1. When the stretch 159-169 is examined, which residues are found to be assigned to a strand (DSSP E or B) and surrounded by fewer than 21 Cβ atoms within 10 Å (Cβ to Cβ)?
2. When you go through (1) surrounded by fewer than 21 Cβ atoms within 10 Å (Cβ to Cβ); (2) closer than 30 Å to ASN168 by Cα one by one for GLY262, which number turns out not to apply?
3. Restricting to the stretch 137-192, what's the tally of residues that are more than 17 Å from the chain's Cα centre (by Cα) and of a type in the set (D, E, K, R)?
4. Got a sec? Which of ASN288, ASN337 is under 20 Å from ILE57 (Cβ atoms), in contact (Cβ under 8 Å) with a residue 60 or more places away in the chain and buried (at least 18 other Cβ atoms within 10 Å of the Cβ)?
5. Considering every residue within the stretch 240-250, establish whether at least one is farther than 29 Å from SER319 by Cβ and either at pLDDT 95 or above or of a type outside the set (S, T, N, Q) (or both).
6. Sort out which residues of the stretch 367-387 are surrounded by fewer than 17 Cβ atoms within 10 Å (Cβ to Cβ) and either at pLDDT below 55 or out of contact with any Phe, Trp or Tyr (no Cβ under 8 Å at 6 or more places or on another chain) (or both), and write them in order of number.
7. With respect to the numbered conditions (1) within 29 Å of ARG193 (Cα to Cα); (2) modelled with pLDDT of 90 or more; (3) of a type outside the set (Asp, Glu), which one is the sole condition not fulfilled by LYS133?
Amino acid sequence: MKTGDELLFWFVSTEERFGDAVKTRWQVCTFGCALSLFFLPGSGRALPYNYPAVRYISPHGQSLGGMTIPLSEETGNALFNNPAALARNTKFRAEYLNLNLDLNSSVMGSFSTSYGVSSLGGFTSTLNSNPNKIYSAGFGNLTAVSWGGLAVGLLFQERVRAYSDGTNVNYETTSNIVPAVGYGLALARGVMRVGYSLQLVSQASGLAQSTSNSSAAYLKGISEGKGISHTASVNFVFPFAYTPTVSVVARNLFGLHYLNKGLVPRASSPSGTPSDEPMSIDAAFNFNVRISGQVKSHWYLQYKDLTSTSSMSILDKLSIGMDLSVSRSVAFRVGLNNLQFNGGIGYRSETSEINLAYYQELTPFPAISKWDTRYALQYKYFFQNVNTRDREAELQAK
């Protein structure tokens, strides 16, 4: 058994530093936030429609079966899904850009005719020519900065999905703008971490129907509002080989109540405010196994909504994933959620990361209940003023 201080902050090193000026870093960070607002009229990102408490799932997480809690090395993900993990980021780290693009198989299969899916009015002719075929696209950006356990971030994401029943166009829209601030604290020499994040949620969302003409619009007739969401989490990182970690996250502490209008008005002729969101609790378990040399595996198990506040089935709540790192730069991923296999690949350098994901998702339309095959691309540009050190390898070597 290893002592607790052998586990103190997973990512700690002083081997190599970058010479970029702090002023330049903040200029790029500001650009990332501005880019999010620039794309407000665009399409969107992925949100689990039947579990609104989760506001951000990266393509990295989607390839692992919809994993959110255990991916604590990502500042933005930790801020929204596991603030206790912010305790790992004791040095300055900035994810200037975290761009996500999400398309379903209908768009990918006929991109030359379906690239205009982001504008519903101009896309109705394509929908009418392909009745009961669902087209969907999403885009988003999450800029986040952390230092000494404190993190701030700005999330923008929007997804649209539509089909024609031969007479009318049915569509779903989810659009979020969410500034957030959080803090993570390490206790017991890093064996225990606790964290909290506050999110000012501005959301326009809903299912609606429109006539098949140029006046149709994704943001017309949906609900819109804003509210404050509180997230708290605790992690237990056991000082053994394979560094097993147990995490518990409470989302929407005290509930989330939406008030009229969003931070930036999005909906046209809004139908009211989004439904209030009750508090829910998630849990996760993960561990690492070194196979040979630089080849190692990361295993993840996650169970959403222990308090059963959503309409999800048990199979939908449960996610299993494995991340196989064949080098310091390349990783292959596979996941399982609701008996549907997901997968992906990732490439990482010292300042950027690219992730590709393939996953399945149930459509929210009552008249068409089927699995929607989706493809997601994530590009991250980040800065960290110290390299990370493989603490799991050090623990196994002792």
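1. Filtering the stretch 159-169 for residues assigned to a strand (DSSP E or B) gives 159-164, 168-169.
Listed by number, the list holds a single entry, ASN168.
2. With (1) surrounded by fewer than 21 Cβ atoms within 10 Å (Cβ to Cβ); (2) closer than 30 Å to ASN168 by Cα applied to GLY262, the lone miss is (1).
3. Looking only at that region, the number is 4.
4. Unique residue meeting the criteria: ASN337.
5. Within the stretch 240-250, not a single residue is farther than 29 Å from SER319 by Cβ and either at pLDDT 95 or above or of a type outside the set (S, T, N, Q) (or both).
6. Scanning the stretch 367-387 gives ALA367, SER369, LYS370, TRP371, LEU377, TYR379, ASN387.
7. LYS133 satisfies every listed condition except (1).
Listed here are the residues, each with its yes/no results for (1) more than 25 Å from SER223 (Cα to Cα); (2) touching an Asp or Glu at 6+ places or on another chain (Cβ under 8 Å); (3) of a type in the set (A, V, I, L, M).
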{"site": "GLU95", "(1), (2), (3)": "yes, yes, no"}
{"site": "LEU101", "(1), (2), (3)": "no, no, yes"}
{"site": "SER106", "(1), (2), (3)": "yes, no, no"}
{"site": "TYR115", "(1), (2), (3)": "yes, no, no"}
{"site": "GLY122", "(1), (2), (3)": "no, no, no"}
{"site": "SER136", "(1), (2), (3)": "no, yes, no"}
{"site": "THR143", "(1), (2), (3)": "yes, yes, no"}
{"site": "SER164", "(1), (2), (3)": "no, no, no"}
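The values are calculated or read from the model by the stated rules, or taken from the named source; none is laboratory data. Computed from a predicted structure; not experimentally measured. Neighbour counts are summed over all protein chains in view; Cβ atoms, including those assigned to glycine, are modelled from backbone coordinates with ideal geometry.
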